[in-house]
């Protein structure tokens, strides 16, 4: 949520609610902000004119920031959360126009794609996909539908077959190279409205494959912040997990002998901590390279808190990237090596062969503590062999999380999704927002 900085800021409980949310964002970024700092900030705001942006920011900074490192994080989150009223209104209007444009596009697509007077049964995403086609592509598709409708002995019962063909064509177009023009950003000009750069909300919710080259640096910065957020959560679990350990009766009795044997202080045994062990398998075939690159960006920031982080890429064969991670090779250099070393990078996919390589050649990375994260759209040659290898892998590891960039409404079209879901936890993962929700909620 973004809060406009207006006179309403100081009315009723509106300020307290939004300031509490802002402090929550700061804590997620690792800043030591608790109830005491929140109360101090509220007291400071009672002594200033909260409608003056610079005074408002200075009061919060004086009470919530404790180091120069935290200052940069505070400045960034403040500018994102407490936006000027006119900028907030501009962004709200932009989002509303985008929603209205999408509705009009879907309505127009429903009107165009008809057969024998009935609208083809396409879901909203497919209708919007049709509207996103170039005018030449739309004309060709409409010409095909019209000629099919006017063909000899074409009955209304042929409509399901025509729908299947149209859906397949739209799916083919979606799997082609990005249709966003080079150099153009999320908003069409390389910049978000009034923000001097791509809007973060748009970046979080747009399909990763369609993020333009001009917006990639901003998307990578967003991924770095999200990985830091996940790292903070993992560190907190490790730091405070021992409080729930079992009671140490011997230490408790010894420590309370000064009280005549009455138990006042309870001592606990340190909770046994299992090291977080993650094995990442990224599909670098032609349709998956952008998604896999983003997931590697996300998990690359976890090296400090996940000691056992293994990373492999695959297309038709497996490639071990773990040495580069352990040697702390720069991320861009590591991804560049993936392209240079692999002769099959960007090609077809053989999941079964890659999983077999993992089981037989890297068995030391697999045990009952290992969480395997697979990034793939499940499309592969030799599906039965892939399913067999995945089942064998599941017997050796703790869990398998499968990040699938295909929209859930398409999952029924692929038998591979149904098969792999029997063994792995299948999650849709086509946007940064979905990636954040899954990894923060499941690790």
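The values are calculated or read from the model by the stated rules, or taken from the named source; none is laboratory data. Keep in mind that what you see is a predicted model, and the values were worked out from it rather than measured. With ideal geometry, Cβ positions are generated from the backbone for all residues, glycine too; neighbour counts draw on all protein chains shown.
Return a yes/no flag: does the range 409-430 have any residue that is surrounded by 17 or more Cβ atoms within 10 Å (Cβ to Cβ), at positive phi and without any contact (Cβ under 8 Å) to a residue 60 or more places away in the chain.
Within the range 409-430, none of the residues are surrounded by 17 or more Cβ atoms within 10 Å (Cβ to Cβ), at positive phi and without any contact (Cβ under 8 Å) to a residue 60 or more places away in the chain.
Take the residues of the range 2-13 that are at negative phi and surrounded by fewer than 13 Cβ atoms within 10 Å (Cβ to Cβ): which is modelled with the highest pLDDT?
Across the range 2-13, the extreme among qualifying residues is 13.
What is the residue count in the range 326-365 for residues that are in contact with a helix residue (DSSP H, G or I) (Cβ under 7 Å, 6 or more places away or on another chain), surrounded by fewer than 20 Cβ atoms within 10 Å (Cβ to Cβ) and at pLDDT below 80?
Residues meeting the conditions: 5.
Look at the range 78-120 and say how many of its residues are in a loop (DSSP other than H, G, I, E, B) and modelled with pLDDT of 85 or more.
To start, the set of residues in the range 78-120 that are in a loop (DSSP other than H, G, I, E, B) comprises 113, 116-117, 120.
Remaining after also requiring modelled with pLDDT of 85 or more: 113, 120.
Residues that pass the stated criteria total 2.
Can you find a residue that is surrounded by 12 or more Cβ atoms within 10 Å (Cβ to Cβ), over 26 Å from residue 73 (Cα atoms) and modelled with pLDDT of 65 or more anywhere in the range 197-206? Spell out the reasoning first.
Initial filter on the range 197-206 (surrounded by 12 or more Cβ atoms within 10 Å (Cβ to Cβ)): 197-206.
Narrowing the set further to residues that are over 26 Å from residue 73 (Cα atoms) leaves none.
No, the range 197-206 has no match at all.
State whether one or more residues within the range 376-393 are without any contact (Cβ under 8 Å) to a residue 24 or more places away in the chain, out of contact with any helix residue (DSSP H, G or I) (no Cβ under 9 Å at 6 or more places or on another chain), in the same structural domain as residue 354 (by TED's automatic domain parsing) and surrounded by fewer than 19 Cβ atoms within 10 Å (Cβ to Cβ).
No, the range 376-393 contains no residue that is without any contact (Cβ under 8 Å) to a residue 24 or more places away in the chain, out of contact with any helix residue (DSSP H, G or I) (no Cβ under 9 Å at 6 or more places or on another chain), in the same structural domain as residue 354 (by TED's automatic domain parsing) and surrounded by fewer than 19 Cβ atoms within 10 Å (Cβ to Cβ).
Could you grab me the full set of residues in the range 402-443 that are out of contact with any strand residue (DSSP E or B) (no Cβ under 9 Å at 6 or more places or on another chain) and over 22 Å from residue 293 (Cα atoms)?
Within the range 402-443, 409, 410, 412, 413, 414, 415, 416, 418, 419, 422 qualify.
For the range 58-85, give me the residue count where each residue is surrounded by fewer than 17 Cβ atoms within 10 Å (Cβ to Cβ) and in contact (Cβ under 8 Å) with a residue 24 or more places away in the chain.
Residues of the range 58-85 surrounded by fewer than 17 Cβ atoms within 10 Å (Cβ to Cβ): 58, 61-62, 66-69, 71-72, 75-76, 79-80, 84-85.
Within this subset, residues satisfying the condition of being in contact (Cβ under 8 Å) with a residue 24 or more places away in the chain are 66, 80, 84-85.
Adding up the residues that qualify gives 4.
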